[in-house]
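Peer 1: Take a look at this one; I'll ask things after.
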Amino acid sequence: MDFNDPSFRELLDALHDGVYITDADGITLKVNGAYERLTGLRSEDVVGQHMQALVEQGVISQSVSLRVLKEGRALSLMQSVSQGKRLLVSGTPILDAAGHVRYVVSTVRDMTELLRIKHERDELQQLKQLRNSTAKLHAGQRDDLLDASPVAKLPASGRLFAQARQVAASDVKVLLQGETGVGKTLIAQYIHKRSPRAAQPFLALNCGALPENLIEAELFGYVAGAFTGAGSKGKRGLLELAHHGTVFLDEIGDLPLALQVKLLKVIEESRFIPVGGLELKEVDVRIITATHHDLRQMVADGRFRADLYYRLNVVPIHIPALRERPDEIQPLLDFYLAEFNGRYGRALTWELEALDALTDYAWPGNIRELINLVERLVVTCVGEAVELFDLPEEMRAPAAEAGNENLPLRKQVEQLERRLIRKALVQHKTTREAAKALGLSQATLVQKMKRWEQG
């Protein structure tokens, strides 16, 4: 075969894949233009060279031609060339009439781009899994429902949202403080969505929901074989997956001291080392933290690093408990009732007694408790309205009101009257029976209830 025939050369050079031809002794006879393009090697660098010599010189990592000659069959392998490219090389023996190998023809395909695409796909899958896992850690909060709520326009929350909007424009560290269930995740999301990083990932991790080793793996990632049970390919951590985005660390007060050191390094140097790794990873993330603990007291007790506390506490935002925002309880109740009515195809309304009891309730679980209660009522109520006896028992009795003795006598009498009427309604179910038990006419009782509603 004349490998220098112009027609033959033209045919080989028309192929998109690289072609590499050796004789039965492993001597390079011909390569095409695509091979030169893919590998960066010139024809004169390899033609006439034995494949073993090219491997020993480090020009290629391994030779499929030598394997084909040794085993006498077609096979494929991955090959690295000195430029760092990864190539899929498939060698096929060409036999003579006696069945002996005469040539080995290898096709070469660049796998670098395909591997990059696969790597990106794996990263997207990891990101999806991480988002799903963190979503489960925050399951039940339903904080996402609150963003469009009119409560953001009310005085107390309005000031809170205004402050969140103000800090959103920069990367300043924000520490959200407040009781469990007040909506700290919501505020963190609100800040992210109004920041220059809004188009990038927002990933959350509850530092109190996982043991120390799993928090470290989720946050910093790990290399293959870093610990028992680690994936064979390793895993990118939340910090790396959120590159250019925002990381929200909820319950930062529960972060173990050893991990506080690593987190401090991320904040100070924007880099970290994955679990079991040696290579530093550079990251650009905004970190927002939240806690229901008194971090200042934890610092004094030696349970939280002072340097980390001052790094995180650049802009503290206190989110008041729901009981400290009594004017916002009814708007929240109305908003979520409408929300869940639409979700479950209901048209429930509030009866005055039920609404009054919920307004007086202390809400120890804050907004999270309120959301869950409203959804429960929409699902379980059989009537057209939520009545007092539909509420959980602890919510039917009004919360003890501190400082009642300082109220005007008329107001104290009115509150006592409300409590007695509520109690009668719980016991007797109907206004007629309740009025009879209280020694009132039904009309008088209803009139009092209407006056409260109007007030």
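The values are calculated or read from the model by the stated rules, or taken from the named source; none is laboratory data. Just so we're clear, the structure is a prediction, and the values are computed from it rather than from any experiment. All Cβ positions, even for glycine, are placed from backbone atoms using ideal geometry, and neighbour counts span all protein chains on display.
Peer 1: Kindly list, by first and then second residue, each pair from a residue in segment 363-378 that is outside the structural domain of Q177 (by TED's automatic domain parsing) and buried (at least 21 other Cβ atoms within 10 Å of the Cβ) to a residue that is among the β-branched types (V, I, T) and modelled with pLDDT of 90 or more, limited to pairs with Cβ atoms under 7 Å and residues at least 6 apart or on different chains.
Peer 2: Final answer for the pair search is L377/V386.
Peer 1: Something else about it: Quick check: anything in segment 422-434 loosely packed, with under 14 Cβ neighbours inside 10 Å, at pLDDT 80 or above and either part of a helix (DSSP H, G or I) or of a type in the set (D, E, K, R) (or both)?
Peer 2: Checked segment 422-434: at least one residue is loosely packed, with under 14 Cβ neighbours inside 10 Å, at pLDDT 80 or above and either part of a helix (DSSP H, G or I) or of a type in the set (D, E, K, R) (or both).
Peer 1: Moving on to the next point. Taking helices (runs of 4 or more DSSP H) that fall entirely within segment 274-360, which contain at least 2 residues that are in contact (Cβ under 8 Å) with a residue 12 or more places away in the chain and in the same structural domain as L263 (by TED's automatic domain parsing)?
Peer 2: The qualifying helices (runs of 4 or more DSSP H) are 295-300, 306-312.
Peer 1: Tally time: how many residues in segment 129-182 are in a loop (DSSP other than H, G, I, E, B), out of contact with any His (no Cβ under 7 Å at 6 or more places or on another chain) and at pLDDT 85 or above?
Peer 2: Count: 7.
Peer 1: Could you grab the pairs with beta carbons closer than 9 Å, sequence gap of 6+ or different chains, first residue in segment 18-38 and assigned to a helix (DSSP H, G or I), second one surrounded by 19 or more Cβ atoms within 10 Å (Cβ to Cβ) and aromatic (F, W, Y)?
Peer 2: Hits for this filter: Y35/Y20.
Peer 1: Continuing with this model, one more query. Given the criterion among the small types (G, A, S), more than 19 Å from L87 (Cβ to Cβ) and surrounded by 14 or more Cβ atoms within 10 Å (Cβ to Cβ), identify the matching residue among A34, A24.
Peer 2: Going through A34, A24 in turn, just one is among the small types (G, A, S), more than 19 Å from L87 (Cβ to Cβ) and surrounded by 14 or more Cβ atoms within 10 Å (Cβ to Cβ): A24.
Peer 1: Can you pull out every residue in segment 44-62 that is assigned to a helix (DSSP H, G or I) and exposed (fewer than 13 other Cβ atoms within 10 Å of the Cβ)?
Peer 2: Listed by number, the residues that qualify are E44, Q52, E56.
Peer 1: Determine the pairs where a residue that is of a type in the set (S, T, N, Q), located within segment 204-220, has a partner that is assigned to a strand (DSSP E or B) with Cβ atoms under 9 Å apart, the partner being 6 or more residues away or on another chain.
Peer 2: What qualifies is N206/L249; N206/D250; N213/V275.
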